[in-house]
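Trainee: My questions all concern the structure below.
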Amino acid sequence: MLYVTDQITIADWELSESFTRSSGPGGQHVNKVSTAVELRFEAERSPNLSDPVKRRLKRLAGRRWTLDGALLLRVEDTRSQQRNRDIARERLVELIQKATVVPKRRIATRPTLGSKNRRIKAKKVRGEVKAMRGKIDGDD
């Protein structure tokens, strides 16, 4: 059981872990032990997540979202398998917590007259500077 928020907890059947050999530091030890963790969360089938949260989670996950609706997190930060498991679970919790936040609706605003005038003035000044960069006639 993984605790995310007061309303959201993830059951063990929704998570599966697989272990592979990790790249990176570890010397000869790295070739013998499977320390990298791949955490798979069945997000699409999860009864604890609402549809809007699932949609936001899918957008946040990006390439880590599979075609069958699972979220894959691969962690190989440390040489310890247990620490990598903990990091993967922490990252999953952070991602779901980010997905629970409802984005604020943007209210379209119009630029003020003063800001329009300042923009036009800056463009004119810039144009004058560039106009001065032309070739110089040598027949005086």
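None of the figures in this text is laboratory data; all of them are computed from the coordinates on show. Keep in mind that this is a model prediction, so the values were computed, not measured. Note: ideal-geometry Cβ built from the backbone for every residue, glycine included; neighbour counts use all protein chains shown.
Trainee: Using Stokes-Einstein with the Kirkwood hydrodynamic radius over Cα pairs, what translational diffusion coefficient do you get for the chain at 10 °C and a viscosity of 1.306 mPa s, in µm²/s rounded to a whole number?
Mentor: 81 µm²/s
Trainee: Order the peptides 13-20, 54-61, 110-117, 39-46 from the highest to the lowest mean number of other Cβ atoms within 10 Å of their residues. Before the final figure, lay out the partial values.
Mentor: Numbers: 13-20: 13.9, 54-61: 16.2, 110-117: 9.0, 39-46: 19.2.
Ranked from most to least packed, the peptides come out as 39-46, 54-61, 13-20, 110-117.
Trainee: Then there's this: Return one number: the angle in degrees, 0 to 90 and rounded to the nearest 10, between the long axis of the Cα atoms of helix 51-61 and the longest principal axis of the Cα atoms of the chain.
Mentor: The helix 51-61 is inclined about 70 degrees to the chain.
Trainee: Along the Cα→Cβ direction, 7 angstrom out, place labels at Ser23 and Leu60. What is the inter-label distance in nm?
Mentor: Calculated label separation equals 2.7 nm.
Trainee: Show that you can apply the helix-only estimate: for the chain, add -39,500 (n - 2.57) for every DSSP H stretch of four or more residues, divide by all residues, and state [θ] at 222 nm to the nearest 500.
Mentor: It comes out at -12000 deg cm²/dmol, rounded to the nearest 500.
Trainee: Separate question: Please arrange Val30, Val37 by how many other C-beta atoms lie within 10 Å of their C-beta, fewest to most. Walk me through the numbers before you get to the answer.
Mentor: On the way: Val30 16, Val37 24.
Ranking Val30, Val37 by Cβ neighbours within 10 Å, fewest first, gives Val30, Val37.
Trainee: Could you check the simple spin-label distance between Arg126 and Asp68, using points 7 Å along Cα→Cβ, in nm with one decimal?
Mentor: Distance between the two pseudo-spin positions: 5.3 nm.
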